[in-house]
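Reading through the structure tokens given below for one structure.
What follows draws every value from the coordinates through simple rules; no lab data is involved. Just so it is clear, the structure is predicted and the values come from calculations on it, not from any experiment. In this analysis, Cβ positions are derived from the backbone assuming ideal geometry, glycine residues included, and neighbour counts consider all displayed protein chains.
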Amino acid sequence: MQRDSWQIIRDRLAGDIASGKLAPGARLPTEPELCAAFGAGRHSVRRAVSALAVEGKLRVEQGRGTFVEAAPLITYQIGRRTRFRQNLLEQGIAPTGEHLSAKIIPAPARVAQALGLAEETLVHRILRRSFADGVPINLGMAFHEAALFPDLGARRATGTSVTEIYRDHGITDYFRKRTTIFTRRPEPDEARLLSQHVDHPVMVLTKTDVTADGRAIGYSEAVWAGDRVQFSIDTLDDPDPSPSSQG
């Protein structure tokens with residue numbers, strides 16, 4: 001069966017990526033340059049690039065161009081004491097974060113239920129973007145009771161870790177009570193912030209942090225770039241009883 005022009009372009013580019021001719025992080029030629037190189041029209045080039053972006057081989061950054069995906073595949077350990085920074089450092093990956101917004105809002109029903117609060121109780125809503133070796137890997141939305149942690153919004157904006165804030169409020173250790181994972185298509189803004197194609201799925205994790213006596217102190221929802229992470233769920237208790245210093 002004869003392949004369409006866009007399929008030929010897709011397969012040629014995929015081959016160049018696999019062979020290393022197009023290295024991770026390399027910027028693709030411009031659309032007119034690709035059209036000239038393949039003797040094809042814009043429609044075929046766009047369709048080929050879009051297909052590779054959906055597969056996670058290319059990353060389209062608005063206003064900058066199209067790049068070969070360079071993100072490391074992260075194995076993210078989920079256990080009783082899951083800490084983002086520690087997870088990445090143990091794999092030799094540099095973790096960084098970007099503060100996007102901090103607001104105090106009435107708790108939505110799902111948040112109130114997770115935290116054991118009455119609906120409309122005031123909570124912090126913190127939005128952050130996390131990076132691995134400079135590549136965006138997740139968008140996090142975290143909720144904490146405003147009365148319990150009055151300084152949390154301002155301190156998170158300066159980069160203070162949740163673990164440190166908890167500790168300063170007398171909570172020396174905490175645990176992940178429950179994690180749920182599901183997939184969906186990203187919202188346009190999510191795809192843009194994660195530098196991924198809008199048709200490439202994301203994984204959504206929700207979790208609840210609790211103290212040693214079971215009191216819920218934090219609830220969060222994180223949207224992860226689906227092709228940049230795999231999750232490993234620990235089924236045994238953390239063998240190290242000492243609290244982690246990582247947030």
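Worth a mention:
- Averaging the sequence gap over all C-alpha pairs within less than 8 Å and six or more residues apart, then dividing by the number of residues, gives the stretch 83-152 a relative contact order of 29 percent.
- Counting only Cβ charges, +1 for Lys and Arg and -1 for Asp and Glu, the dipole size of the stretch 13-110 around its Cα centre is about 460 debye.
- For the stretch 32-40, Karplus couplings with θ = phi - 60° (6.51, -1.76, 1.60), whole Hz, Gly/Pro x: x, 5, 5, 4, 5, 5, 9, x, 10
- Taking amide H as placed 1.01 Å from N in the peptide plane, the amide H of Asp133 sits under 5 Å from that of Ala94, Thr96, each at least 5 places away or on another chain.
- Estimated dipole of the chain in Debye, rounded to 20 [Cβ of Lys and Arg +1, of Asp and Glu -1, Cα centre]: 520 debye
- Computed label-point distance, nm, for sites Thr211 and Arg192 using a 7 Å Cα→Cβ extension: 4.1 nm
- Options (1) 54, 19, 12; (2) 41, 19, 15; (3) 30, 27, 15 - which one matches semi-axes √(5λ) of the Cα gyration tensor in Å as calculated here: (2)
- Helical content of the chain, expressed as a calculated mean residue ellipticity at 222 nm, amounts to -7500 deg cm²/dmol (DSSP H runs of 4 or more residues, -39,500 (n - 2.57) each, divided by residue number, nearest 500).
- J(HN,Hα) series, the stretch 55-67, from Karplus relation 6.51 cos²θ - 1.76 cosθ + 1.60, nearest Hz, glycine and proline x: 6, x, 8, 10, 10, 9, 10, 4, x, 10, x, 10, 10
- Computed lengthening from Ser232 to Glu164, 0.36 nm per intervening residue step minus Cα-Cα distance: 22.0 nm
- Positive dipole terminus of the chain, leading residue within Ala147, Ser195, Ala51 (C-beta point charges): Ala51
- Degrees between helix 5-19 axis and first principal axis of the chain (Cα, 0 to 90, nearest 10): 60 degrees
- Once the C-beta distance of Ala154 and Gln91 is scaled by a Förster radius of 45 Å, the resulting FRET efficiency is 0.90 to the nearest 0.05.
- Listed residues Glu221, Glu120, Glu61, most fluctuating in the chain (Gaussian network, C-alpha, under 10 Å): Glu120
- Highest-fluctuation residue, Ala51, Ala118, Ala216 considered, GNM on the chain with Cα pairs under 10 Å: Ala118
- Here the contact order of the chain, divided by its residue count and restricted to Cα pairs under 8 Å and six or more residues apart, works out to 21 percent.
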